[in-house]
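Q: Quick one: this structure, given as structure tokens, is what I'll be asking you about.
The values are calculated or read from the model by the stated rules, or taken from the named source; none is laboratory data. Quick caveat: nothing in here was measured; it's all calculated off a predicted structure. Counting neighbours? That spans all protein chains shown, and the Cβs are built from the backbone with ideal geometry, glycine included.
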Amino acid sequence: MNTHKTTYKMKTKKLGYLLMTVITLSAGITLAPEPVSAQVPKGTQLPLEQLQQQFVDLGFGMFIHYNIPTYMEDDWADPDADPAIFNPKKLNTDQWAQAAKSANMTYGCLTTKHHSGFAIWDTKTTPYNVMNSPLKRDVVKEYVNSFRKAGLKVMLYYSILDTHHKLRPGQITPEHIKMVKAQLTELLTNYGDVSALIIDGWDAPWSRISYDDVPFEEIYNLIKSIQPNCLVMDLNAAKYPSETLFYTDIKSYEQGAGQHISKENNKLPALACLPLQANWFWKSSFPSTAVKTPESMVNDNAVPYNQIYCNFILNVAPNRDGLIDENALLALKEIGKLYKPQASLPKFPKSEPPVISSNIAKKAAANSSWSYDMSIMDFATDDNFGTNWYSHPSVKSPWFEVDLGKEKAFNTVVITMAKANAITYELEYYANNKWYPLVQAKNTERMITQRFDRKWGEKLRIKFLQFRNTPSIAEFGVFNERK
């Protein structure tokens, strides 16, 4: 291993750290080929609601965690792992596709880059990629060709967190953001239609990379500019409430991390994921260890989730030869006997478009009517949906106010309450030394979402006119969305 690392370091030194050279080129030089008409989705851009329903209707797919962690015993690989260890002897993506077909799956999703930053496509953005491994083959290209040949849809996974290139909390630079944009441009330009991107390591409690550090709205709009019909999914259910699409087109739940969709209350287009084996990436124990039962994967997951607007994606991890183990193949065949795709699945209720802009009220100063001493106003702007401002029960006309610090533009307010306590409320904004009415409305849900023509103001305020119980706010979000 030490010999391999020395060899790799010499190669990267000779390349002059190609990554930093590429991503600091002048703006007039492109980092990846420009998209051409044959590479973008055919036809006109579809409404988001239609794309979301099409995704839900796919029902069941295969997650494929295959990357440099496959060759280690940890799912989070050493960020300095030598590409020389990525050396499958029998890589066969056709086998993966046929395994998915045997389970009656309709699509696949491959880990193009995981948290340690190793790219398994022929990228021009960094030497830390599969073309500098013994394989020297573009795995993403082989995967998309195999799945399309089998009549399956293609999706891609991409990690924002990148420990090899030091794209992690406190160290993010403009060059990192250029790299992310360049890599996504390659993936969306060079591999045909991509139905969805599943993005990870972004504004999760464990990654701590915010949507401001790597600007979500910019990345989202870049993706849509290249492939307008590509859904953007961020695995962020660990932080954001289940009633609203915050920074994602599809609400996504990683069940192994304790994120579980409500079978009684879900109203959003959703994705739930789970590994068939014990881990996401292959481990040496897998061939001799029992996988999860086909009955559980179908009867406790795929079938009931499909009835609540949720697509189920089951991870299957190829081994170090690049093949799926026999015990997993047998389980997938049994799953195919139990899971039968339905011609029609329930249509999810109409919902608000996703919030994709930065929250300009995050960490802003706040004020309110009298509240409990341990639940004061700051908790409603702390970027934590687990803490709350609570009005004191004795207050008959409670109110809560956010101070933006100076006059700013905004056109959307999203208020998350601890419970659905408000019945009627009034929103106001403060500008030019005066409060102006914004909207007065009724509410029966935990979330209040109001979109309106752009206003300019220094403060915003909600007044609770009627309420069931003592009002409380988890987060008071203010956004200036592009329109």
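Q: Could you tell me which of the residues SER358, SER368 is surrounded by 15 or more Cβ atoms within 10 Å (Cβ to Cβ), under 28 Å from the mean Cα position of the chain (by Cα), of a type outside the set (D, E, K, R) and under 30 Å from ASN236 (Cα atoms)? If you could, list the steps in order and put the result at the bottom.
A: On the way: SER368 fails: under 28 Å from the mean Cα position of the chain (by Cα).
The unique qualifying residue is SER358.
Q: Turning to a different aspect of this structure: Kindly list the number of the only condition in (1) in contact with a Ser or Thr (Cβ under 6 Å, 6 or more places away or on another chain); (2) without any contact (Cβ under 8 Å) to a residue 40 or more places away in the chain; (3) over 26 Å from ASP75 (Cβ atoms) that fails for MET233.
A: The one condition MET233 does not meet is (3).
Q: Would you be able to tell me the number of residues in the stretch 319-357 that are modelled with pLDDT of 95 or more and touching an Asp or Glu at 6+ places or on another chain (Cβ under 8 Å)?
A: 6
Q: Does at least one position in the stretch 149-159 carry a residue that is over 20 Å from GLN227 (Cβ atoms) and touching a Lys or Arg at 6+ places or on another chain (Cβ under 6 Å)?
A: Yes, because at least one residue in the stretch 149-159 is over 20 Å from GLN227 (Cβ atoms) and touching a Lys or Arg at 6+ places or on another chain (Cβ under 6 Å).
Q: While we're here: Going residue by residue through the stretch 60-67, is there one that turns out to be of a type in the set (A, V, I, L, M) and touching a Phe, Trp or Tyr at 6+ places or on another chain (Cβ under 7 Å)? Reasoning before the result, please.
A: Filtering the stretch 60-67 for residues of a type in the set (A, V, I, L, M) gives 62, 64.
Those left that are additionally touching a Phe, Trp or Tyr at 6+ places or on another chain (Cβ under 7 Å): 64.
Yes, because at least one residue in the stretch 60-67 is of a type in the set (A, V, I, L, M) and touching a Phe, Trp or Tyr at 6+ places or on another chain (Cβ under 7 Å).
Q: Does the stretch 394-406 contain any residue that is part of a loop (DSSP other than H, G, I, E, B), small (Gly, Ala, Ser) and touching a strand residue (DSSP E or B) at 6+ places or on another chain (Cβ under 8 Å)? Show your work before the answer.
A: Here is the first cut: in the stretch 394-406, the residues part of a loop (DSSP other than H, G, I, E, B) are 394-398.
Restricting the remaining residues to those that are small (Gly, Ala, Ser) gives 394, 397.
With touching a strand residue (DSSP E or B) at 6+ places or on another chain (Cβ under 8 Å) added as a condition, the list becomes 397.
Yes; the residues of the stretch 394-406 include at least one that is part of a loop (DSSP other than H, G, I, E, B), small (Gly, Ala, Ser) and touching a strand residue (DSSP E or B) at 6+ places or on another chain (Cβ under 8 Å).
Q: If you don't mind, there's one more thing I want to ask. Would you check if LYS363 is without any contact (Cβ under 8 Å) to a residue 60 or more places away in the chain, touching a helix residue (DSSP H, G or I) at 6+ places or on another chain (Cβ under 7 Å) and among the basic types (Lys, Arg)?
A: Numbers: without any contact (Cβ under 8 Å) to a residue 60 or more places away in the chain: yes; touching a helix residue (DSSP H, G or I) at 6+ places or on another chain (Cβ under 7 Å): yes; among the basic types (Lys, Arg): yes.
Here the answer is yes, as LYS363 does meet what is asked.
Q: TRP76 is checked against (1) modelled with pLDDT under 95; (2) surrounded by 24 or more Cβ atoms within 10 Å (Cβ to Cβ) and fails just one. What number does that condition carry?
A: Here TRP76 clears every test but (2).
Q: At pLDDT below 50 and crowded, with 20+ Cβ neighbours inside 10 Å: which single residue out of LEU15, LEU19 fits that description? Working first, answer last.
A: Numbers: LEU15 fails: crowded, with 20+ Cβ neighbours inside 10 Å.
Being at pLDDT below 50 and crowded, with 20+ Cβ neighbours inside 10 Å holds for just one of LEU15, LEU19, which is LEU19.
Q: Same structure, new question: Residue check: is MET155 more than 16 Å from SER252 (Cβ to Cβ) and either surrounded by fewer than 18 Cβ atoms within 10 Å (Cβ to Cβ) or under 15 Å from the mean Cα position of the chain (by Cα) (or both)? Break it down into steps so the answer makes sense when it comes.
A: Working: more than 16 Å from SER252 (Cβ to Cβ): no; either surrounded by fewer than 18 Cβ atoms within 10 Å (Cβ to Cβ) or under 15 Å from the mean Cα position of the chain (by Cα) (or both): yes.
So MET155 fails the test.
Q: From the list VAL214, VAL140, VAL144, which one is surrounded by fewer than 23 Cβ atoms within 10 Å (Cβ to Cβ) and at pLDDT 95 or above? Even if it seems obvious, please write down each step before you answer.
A: Working: VAL140 fails: surrounded by fewer than 23 Cβ atoms within 10 Å (Cβ to Cβ); VAL144 fails: surrounded by fewer than 23 Cβ atoms within 10 Å (Cβ to Cβ).
Going through VAL214, VAL140, VAL144 in turn, the sole match is VAL214.
Q: Restricting attention to the stretch 418-433, report how many residues are in a loop (DSSP other than H, G, I, E, B) and closer than 14 Å to PRO471 by Cβ.
A: Let us first name the residues in the stretch 418-433 that are in a loop (DSSP other than H, G, I, E, B), namely 418-421, 432-433.
Cutting the leftovers down to closer than 14 Å to PRO471 by Cβ gives us 418-421.
Going through the stretch 418-433 one residue at a time, the tally reaches 4.
Q: Please state which one of GLU445, GLU401, GLU426, GLU407 is surrounded by fewer than 16 Cβ atoms within 10 Å (Cβ to Cβ), at pLDDT 95 or above, closer than 24 Å to PRO241 by Cβ and of a type outside the set (Gly, Ala, Ser).
A: Details: GLU445 fails: at pLDDT 95 or above; GLU401 fails: surrounded by fewer than 16 Cβ atoms within 10 Å (Cβ to Cβ); GLU407 fails: closer than 24 Å to PRO241 by Cβ.
Sole residue among the options that is surrounded by fewer than 16 Cβ atoms within 10 Å (Cβ to Cβ), at pLDDT 95 or above, closer than 24 Å to PRO241 by Cβ and of a type outside the set (Gly, Ala, Ser): GLU426.
Q: Right, something else. So, ILE308, is that one at pLDDT 95 or above and in contact with an Asp or Glu (Cβ under 9 Å, 6 or more places away or on another chain) or not?
A: Details: at pLDDT 95 or above: yes; in contact with an Asp or Glu (Cβ under 9 Å, 6 or more places away or on another chain): yes.
Considered against the rule, which asks whether it is at pLDDT 95 or above and in contact with an Asp or Glu (Cβ under 9 Å, 6 or more places away or on another chain), ILE308 comes out as yes.
Q: Any residue in the stretch 256-281 that is touching a residue at least 24 places away in the same chain (Cβ under 8 Å) sitting within a Cβ distance under 6 Å of a residue that is of a type in the set (Asp, Glu) and assigned to a strand (DSSP E or B)? List the pairs, counting only those 6 or more apart or interchain.
A: Every condition considered, the pairs that remain are CYS273/GLU254.
Q: Quick check: is even one residue across the stretch 58-75 over 19 Å from GLN255 (Cα atoms) and among the small types (Gly, Ala, Ser)?
A: no
Q: Next question, about the same structure. Can you tell me which of PRO205, PRO241, PRO228 is touching a strand residue (DSSP E or B) at 6+ places or on another chain (Cβ under 8 Å), surrounded by fewer than 20 Cβ atoms within 10 Å (Cβ to Cβ) and not assigned by TED's automatic domain parsing to the domain that holds MET447? Write out each step before concluding.
A: Values: PRO205 fails: touching a strand residue (DSSP E or B) at 6+ places or on another chain (Cβ under 8 Å); PRO228 fails: touching a strand residue (DSSP E or B) at 6+ places or on another chain (Cβ under 8 Å).
The unique qualifying residue is PRO241.
Q: Restricting to the stretch 219-245, count the residues that are touching a helix residue (DSSP H, G or I) at 6+ places or on another chain (Cβ under 8 Å), at pLDDT 95 or above and not in a strand (DSSP E or B).
A: Of the residues in the stretch 219-245, 7 are touching a helix residue (DSSP H, G or I) at 6+ places or on another chain (Cβ under 8 Å), at pLDDT 95 or above and not in a strand (DSSP E or B).
Q: Those residues that are out of contact with any Lys or Arg (no Cβ under 6 Å at 6 or more places or on another chain) and either surrounded by fewer than 16 Cβ atoms within 10 Å (Cβ to Cβ) or of a type outside the set (Val, Ile, Thr) (or both), I need them from the stretch 79-91; list them, please. Working first, answer last.
A: So in the stretch 79-91, the residues out of contact with any Lys or Arg (no Cβ under 6 Å at 6 or more places or on another chain) come out as 79-81, 83-91.
Hits for the stretch 79-91 are PRO79, ASP80, ALA81, PRO83, ALA84, PHE86, ASN87, PRO88, LYS89, LYS90, LEU91.
Q: Taking interchain pairs and intrachain pairs at least six residues apart, which have beta carbon atoms under 8 angstrom, with the first residue in the stretch 148-175 and farther than 16 Å from ARG208 by Cα and modelled with pLDDT of 95 or more and the second exposed (fewer than 15 other Cβ atoms within 10 Å of the Cβ) and of a type in the set (Ser, Thr, Tyr)?
A: Note: pairs meeting the criteria are GLU175/THR24.
Q: Which number in (1) assigned by TED's automatic domain parsing to the domain that holds LYS89; (2) modelled with pLDDT under 95; (3) more than 20 Å from the chain's Cα centre (by Cα) marks the one condition that THR293 misses?
A: (2)
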